[in-house]
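The values are calculated or read from the model by the stated rules, or taken from the named source; none is laboratory data. Only a predicted model underlies this, so the values are computations on that prediction, with no experimental measurement involved. Ideal geometry is used to build each Cβ from the backbone, glycine not excepted, and the neighbour counts take in all protein chains shown.
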Amino acid sequence: MIIKQKGTHDLYGNEAKKWKYVDRVIDEVMDKYNYNFIRTPIFEATELFHRGVGESTDIVSKETYDFMDRGNRSITLRPEGTAGVVRSYIENKMYGDASQPIKVYYNGTMYRYERPQSGRDRELTQFGIEVLGSDDELIDAEVISVPVNIFKMLGLKGIKVNINTLGDNESRNNYREVLVNYFRPHIDELCEDCKKRLEMNPLRILDCKVDKDLEIMKNAPKTIDYLNAESKARFENIKTYLDELNIEYIVNPNIVRGLDYYNHIVFEIEADIEGFGSNNVIAAGGRYNGLVSTLGGPETCGVGFACGMGRLISALDLEGIELPINDSIDAFVMYVNDEEKKEAIKLCQELRMNGFKVETEYTSRGLKGQFKQADRLNSKLLIILNSEDLKNNEVKIKNNVTKKEDIINLDYLIYYMDEQLNEMMYDDEETCDCGCHHEHDHECSCGDDCEC
RNA sequence: GCGGUAUUGGUGAAGUGGUUAACACGCUGGAUUGUGGCUCCAGUAUGCAAGGGUUCGAUCCCCUUAUAUCGCCCCA
């Protein structure tokens, strides 16, 4: 048997329905914010990603899917969304577009050569946004608000927004030096990994899991104290805008993100839910004012976030959120003999073209099995074909909720079905004194003080 | 790259060094000669991840590999 590759998953059934639903919510929210969809290639020149992330991490050496193509070009499957979007921005000269800034969103698969674990796969799906060409704090706040509002639309409650600032490059470099000088005398107290980090990527010492309880960690210098006046003012502005947007956040000085290109605002949105694995950051992002020029474009500022779909859906599952997945069909067409079968396929097509969601029998089950199958599919109506009825241009149709059965002329079937299905839609609702429909236990929307 | 735990049918799973591998769900058929959802009956694993070893004998013990899962590194 050929089996799937490590760290990949087949998405099907109800799970797939959930993903499609979340996709639709993402599309809707992005549309309201006027982010335009962008699709960039899944594979790019290796150099794009290597230049993007810099040399200070393991990423380049061991965590990308690299291969040589038949033309002996070094190719890499995209490990994240930003680099491709920025490449596209430069290559298509979007900086020259009349409408600035450029606001785009993506939603697609990424590839990372990692050891799979909770919340971590080799093929993963991320969506995210990139805004290129605005340095305004307002857009920083907006970028944070987009995932927050998507999560809100989905009903996700246990989220924690952590923000921090690295300041501009001057502040950032300043801070880095202070941090190294602070930790160097204490190097013996640090764990093995942090000893390496001190040289490679000292900022990441701050979110070490092993050393986090040490005294020296608690007293470590904080980025915020080493900002120059301008960087400090920026951060304050962002916080003000977030307050205006009513977005709760925590200033967490240990949020540094791993890569060199970040500056100013950085943020992580955690799923603060019981039972979530160690990888509980579902969305993260920040400002990357140096990246466009690093990749060969004009000096352009940028900001964005990315969100892992798999982790997001796990979070929804863990909170027990039931997404509105439509798992019923309008009608199941049943038949027994060949003559009825021909009518069945014809009728199905006609009903589908008229907007009904219709199924029929494909595996030669007996009538009994067809009833079972119709129930499994949650069919609202059952259409039972019978040669005798067909001679009169009629079919039997049974309402699977009320069990009421009728014989209907084929010419009127569509109207009859519409009527039956409409009644069912209101079945869950009640009509209150003021005459309006609403679901049980829901407040009446009429605004008057009616007794419902 | 490193470590922990696991791997029995379509599914959830019990189980023991020794003839036919529980039980449940599901599915198919029958009781009901064209009307199901309840009930009853029947059928449903050349087989306990793969390979090797220990043994008279292994699904059960040992080793290796694969896969899954969780964690470390890293985190875009």
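The table below gives the values:
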{"item": "Members of segment A:62-88 that are small (G, A, S) and surrounded by 21 or more Cβ atoms within 10 Å (Cβ to Cβ)", "result": "A:G81, A:A83, A:G84"}
{"item": "Count of residues meeting criterion [over 13 Å from A:C348 (Cα atoms), more than 6 Å from RNA strand B (Cβ to nearest atom) and outside any helix (DSSP H, G or I)] in segment A:358-380", "result": "6"}
{"item": "Exclusive hit being part of a loop (DSSP other than H, G, I, E, B) and either within 10 Å of RNA strand B (Cβ to nearest atom) or within 30 Å of A:F151 (Cα to Cα) (or both), set A:L390, A:L323", "result": "A:L323"}
{"item": "Condition check for A:E299: closer than 25 Å to A:Y226 by Cβ, of a type in the set (D, E, K, R) and surrounded by fewer than 20 Cβ atoms within 10 Å (Cβ to Cβ)", "result": "yes"}
{"item": "Cβ-Cβ under 9 Å pairs, at least 6 apart or on other chains, segment A:282-308 side more than 16 Å from A:D260 (Cα to Cα), far side near RNA strand B (Cβ under 10 Å from one of its atoms) and part of a helix (DSSP H, G or I)", "result": "A:I282/A:S314; A:A306/A:T82"}
{"item": "Every residue from segment A:255-294 that is surrounded by fewer than 18 Cβ atoms within 10 Å (Cβ to Cβ) and out of contact with any strand residue (DSSP E or B) (no Cβ under 9 Å at 6 or more places or on another chain)", "result": "A:G258, A:E274, A:G275, A:S293, A:T294"}
{"item": "Residue list for segment A:107-122, filter: farther than 21 Å from A:R87 by Cβ and either more than 8 Å from RNA strand B (Cβ to nearest atom) or acidic (D, E) (or both)", "result": "A:E114, A:D121, A:R122"}
{"item": "Qualifying residue in segment A:325-340 (condition: over 28 Å from A:K380 (Cβ atoms) and touching a residue at least 40 places away in the same chain (Cβ under 8 Å))", "result": "no"}
{"item": "Flag if A:V53 is among the β-branched types (V, I, T), modelled with pLDDT of 90 or more and either surrounded by 12 or more Cβ atoms within 10 Å (Cβ to Cβ) or away from RNA strand B (no atom under 16 Å from the Cβ) (or both)", "result": "no"}
{"item": "Yes/no for A:R78 being among the charged types (D, E, K, R), at pLDDT 90 or above and out of contact with any Cys (no Cβ under 9 Å at 6 or more places or on another chain)", "result": "yes"}
{"item": "A:G96, sole failed condition from (1) surrounded by fewer than 19 Cβ atoms within 10 Å (Cβ to Cβ); (2) within 16 Å of RNA strand B (Cβ to nearest atom)", "result": "(2)"}
{"item": "Selection within segment A:194-205 - part of a helix (DSSP H, G or I) and out of contact with any helix residue (DSSP H, G or I) (no Cβ under 9 Å at 6 or more places or on another chain)", "result": "A:K196, A:M200"}
{"item": "Candidate set: segment A:407-433, residues that are within 16 Å of RNA strand B (Cβ to nearest atom) and at pLDDT below 90; chosen: the one nearest to A:N378 (Cα to Cα)", "result": "A:M424"}
{"item": "Residue list for segment A:134-188, restricted to those being without any contact (Cβ under 8 Å) to a residue 12 or more places away in the chain and in a helix (DSSP H, G or I)", "result": "A:K152, A:N173, A:E177, A:N181, A:P185, A:I187, A:D188"}
{"item": "Members of segment A:335-357 found to be more than 11 Å from RNA strand B (Cβ to nearest atom) and part of a loop (DSSP other than H, G, I, E, B), listed by number", "result": "A:N354, A:G355, A:F356, A:K357"}
{"item": "Selected residue (criterion: farthest from RNA strand B (Cβ to nearest atom)) from residues of segment A:2-34 that are at positive phi and surrounded by fewer than 14 Cβ atoms within 10 Å (Cβ to Cβ)", "result": "A:N34"}
{"item": "Qualifying residue in segment A:206-224 (condition: crowded, with 16+ Cβ neighbours inside 10 Å, free of Cβ contacts under 8 Å to residues at least 12 places away in the same chain, of a type outside the set (A, V, I, L, M, F, W, C) and not in a loop (DSSP other than H, G, I, E, B))", "result": "no"}
{"item": "Every residue from segment A:247-289 that is part of a strand (DSSP E or B) and over 10 Å from A:N162 (Cβ atoms)", "result": "A:N263, A:H264, A:I265, A:A271, A:I282, A:A283, A:G285, A:G286, A:R287"}
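Let's see how each residue does on (1) of a type in the set (D, E, K, R); (2) in the same structural domain as A:P298 (by TED's automatic domain parsing); (3) away from RNA strand B (no atom under 16 Å from the Cβ); (4) farther than 26 Å from A:C301 by Cα:
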| site | (1), (2), (3), (4) |
| --- | --- |
| A:Q126 | no, yes, no, no |
| A:D135 | yes, yes, yes, no |
| A:L138 | no, yes, yes, no |
| A:K152 | yes, yes, yes, yes |
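Yes or no, residue by residue, for (1) in contact with a strand residue (DSSP E or B) (Cβ under 8 Å, 6 or more places away or on another chain); (2) over 23 Å from A:D121 (Cα atoms); (3) among the β-branched types (V, I, T):
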site	(1), (2), (3)
A:T46	yes, no, yes
A:R51	no, yes, no
A:V86	yes, yes, yes
A:Y95	yes, yes, no
A:Q100	no, yes, no
